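Report on the following structure.
The values are calculated or read from the model by the stated rules, or taken from the named source; none is laboratory data. Given the structure is predicted, the values throughout are model-derived calculations rather than measurements. Don't worry about glycine lacking a Cβ; one is built from the backbone with ideal geometry, like all the others, and counts go over all protein chains shown.
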Amino acid sequence: MDLTFGETLFGVVMLFTAGACVGSYLNVCIYRWPLGMSTNHPRRSICFSCQKEISLKDNIPILSWFLLRGKCRNCGEPFSVRYSLVELLTAVFFAHVFWVFGLTWATLLYVLWVAFQIVGSFIDLDHTILPDRVTIVGGIGALGAVLLLDLTGQADPLVVPDWQEAFFGAAFASGFIYLIRFLGSAAFGREAMGLGDVKLMVMNGALLGWWRSLFVIMGLGPVLAILVFVATRILSRRGVERYTEIPYGPFLCLGSYVALFWGDAILELWLGLAPGTSSQFDSPWRWLGW
């Protein structure tokens, strides 16, 4: 559906607002899921220092942390700025998805995917685990959504609009990273990578296709990991606390987001291809005339 600039701008603002609110709920999931807590009880957000409910006026997405100067109004204990960061990230990513894909089913699919990526990334950072409710549910949902949209003729806006390419991408991405896990574990004598990363790439591979997933696993993911590692080393020398163990999942998620929106342009620039021709790599079986 073609939108005017005004309609697109309105949609971006609405998705930014919706993303901030969704991000607030994602914070609840990030904190409670690894602890086995329900996201519905307690219903309201609470301060885990004084156990008092946070009032609605103090629970405004993105802004509340700044308005309260990072402290609980009741007990004065500090809140992490990460709550606002998660809300801001979700809002920006939601708005960006709408800016690119407009009022389409692709937008709905990709904003849900973004939400799963954010929850998985921050839980992995905190606990070095990727919950099955993120990876398995996300993988089944992504494959089912592409299949449904393709069969109903609504898949054109998707980066990978063909359900066969989506299923091949999921199988290739998860299989390839499992191979890396197996070889790494054999080489180092210990588990080199968790199975959560393997299951995560089922979801991401379904939406990226096989070659973008390869680009993430062997290119974007390692580059982002190295950059963050160097940054944390520099910060540690200046007395800033850093993670002693950084999981790979968040880099797979961030790399997948970059690949979804800019992977084609990067490959075309790298190989000197004409714009829009990188999609020819999505179906390798066609090279054999199948």
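Figures for the structure shown
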{"read-out": "Given (1) farther than 30 Å from LEU3 by Cβ; (2) free of Cβ contacts under 8 Å to residues at least 24 places away in the same chain, number of the condition GLY144 does not satisfy", "value": "(1)"}
{"read-out": "The stretch 150-160: number of residues that are outside any helix (DSSP H, G or I) and crowded, with 19+ Cβ neighbours inside 10 Å", "value": "4"}
{"read-out": "Boolean, GLY169 is surrounded by fewer than 22 Cβ atoms within 10 Å (Cβ to Cβ) and either modelled with pLDDT of 95 or more or more than 14 Å from the chain's Cα centre (by Cα) (or both)", "value": "no"}
{"read-out": "Residue check, ASP132 surrounded by 14 or more Cβ atoms within 10 Å (Cβ to Cβ) and not small (Gly, Ala, Ser)", "value": "no"}
{"read-out": "Output for the stretch 103-128, where each listed residue is buried (at least 18 other Cβ atoms within 10 Å of the Cβ) and either under 16 Å from TRP33 (Cα atoms) or among the small types (Gly, Ala, Ser) (or both)", "value": "ALA106, ALA115, PHE116, GLN117, ILE118, VAL119, GLY120, SER121, PHE122, ILE123, ASP124"}
{"read-out": "Within the stretch 61-102, considering residues that are crowded, with 19+ Cβ neighbours inside 10 Å and of a type in the set (Val, Ile, Thr), the one nearest to LEU207 (Cα to Cα)", "value": "VAL97"}
{"read-out": "Every residue from the stretch 118-128 that is hydroxyl-bearing (Ser, Thr, Tyr) and assigned to a helix (DSSP H, G or I)", "value": "SER121"}
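Listed here are the residues, each with its yes/no results for (1) of a type in the set (Lys, Arg); (2) part of a helix (DSSP H, G or I); (3) within 13 Å of the chain's Cα centre (by Cα); (4) not assigned by TED's automatic domain parsing to the domain that holds ARG82.
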site	(1), (2), (3), (4)
PHE116	no, yes, yes, yes
LEU130	no, no, yes, yes
GLY138	no, yes, yes, yes
LEU148	no, yes, no, yes
